[in-house]
Structures are given as structure tokens and as C-alpha cells.
Amino acid sequence: SLQADMQVLGGEVPIEGAAAKPLRARPQALKRCVWNLLDNAVKYGARARVAVDDDERRLRIRVLDEGPGIPAAEMQKVFEPFYRVESSRNRATGGTGLGLSIAKGIAEDHGGSLELSNRAEGGLDATLILPRVGAGKCRVRAALDRHTARHRARVGPDRTGAAVRALRRRRRAV
């Protein structure tokens, strides 16, 4: 589990709440998304905790840290690829500035969102919201189709030309 992986790296991550039922999604992608959020929280916020809230419409995962937060002027910029908050630009923390960009892309591919806000008591609240019904189906399907098309394109056009054209037609229909 991600919680156990964080413990191995020296970060305690308590979890409050649980998902009521499995979420239909790309599990490895979501694992990457949550890992990026946890890694940032432990790296820049010293300590982190996770709060899970679930209902019939959506699953909400909040990663809360106790760090300095992010300046309001930079709150949306941190989602840009390779962007790093000035105070994090040192070799000790590492990173390339891709984590939040990747996490946001994964959330959006699932029809969800990733929102950041500074907490009143200090620290950052990264909230991942994933829909349970309807809204995410087309985007998840499109992401899977893009993955399949890329894979088939690497195999070679001789064997997959018709299949790729069929995927494109189906994507336009969705």
C-alpha cells in the first residue's frame, strides 16, 4: 500500500475514513496520482495525513500536510509542467516539478479534479475528487483508447491500421 511505502521512506501517513466500495478507474494511474500528492506532502510539509470521504456520487481523497503551503499567486502555476515553487528549488528536495501536473492530468482523465488550498491552521490541502457515476466514463474511455492507439501504433501500421482507424471513429462517437 502507499501508506506502507511512505513508512519505509520515513513518513507516517495516518488515514481517516475509507472508500465505501471500489472505484471503477485505472488503478495504477490513481496510485501514481496519490503517490505524487503524498510525496509532496511529506517532502515539503514534513507530515501528512489522508482523509477519505465517499458517497454515491463521488470519492474525495484529501492529502493534508503541515508545511508552509503555497503562495496564493503560485497556486495554479504549480500545475504547470516543470514549475517549482521558489523555496523548493534546491538539490536536497529533488524533484522536477512534474508531480502535480501529472496528478492533475490523471484526475482529469478520470473525469475528476485536483484542487489545492492553503489551510487556515497552516499547511496545504490537496483534494482529489473522482466521480462515481457518469461524468468520468467518457474521459476514462478516451484515455484508455489513447493508450491502446499508442501501443498499437508502436506495434506497426501493417497489422493495426484498421484497428487504429476504428478506435478513432469510436472516440469521435463518444
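The values are calculated or read from the model by the stated rules, or taken from the named source; none is laboratory data. Every value quoted in this text rests on a predicted model; they were computed, and no experiment measured them. For neighbour counting, all protein chains shown are included, and Cβ atoms are generated from backbone atoms with ideal geometry for every residue, glycine included. Ligands, DNA and RNA are stripped out before the accessible areas are found, and what is left, the full protein with its side chains, is counted by its heavy atoms. Shrake-Rupley method; radii C 1.70, N 1.55, O 1.52, S 1.80 Å.
Brief remarks on what is shown
- Considering (1) part of a helix (DSSP H, G or I); (2) modelled with pLDDT of 70 or more; (3) more than 26 Å from Arg26 (Cβ to Cβ), the lone condition that Arg84 does not fulfil carries the number (1).
Yes or no, residue by residue, for (1) part of a helix (DSSP H, G or I); (2) at pLDDT below 85:
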| residue | (1), (2) |
| --- | --- |
| Gln3 | yes, yes |
| Gly10 | no, yes |
| Ala20 | no, no |
| Arg24 | no, no |
| Arg32 | yes, no |
| Ala51 | no, no |
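- Test: residue in the stretch 129-138 that is in a helix (DSSP H, G or I), open to solvent by 40 Å² or more (accessible area, probe 1.4 Å) and either among the aromatic types (Phe, Trp, Tyr) or modelled with pLDDT under 95 (or both): yes
- Some residue of the stretch 13-35 being farther than 20 Å from Leu130 by Cα and out of contact with any Ser or Thr (no Cβ under 8 Å at 6 or more places or on another chain): yes
- Residue that is most open to solvent (accessible area, probe 1.4 Å), among those in the stretch 34-49 that are in contact with a helix residue (DSSP H, G or I) (Cβ under 8 Å, 6 or more places away or on another chain) and at pLDDT 90 or above: Trp35
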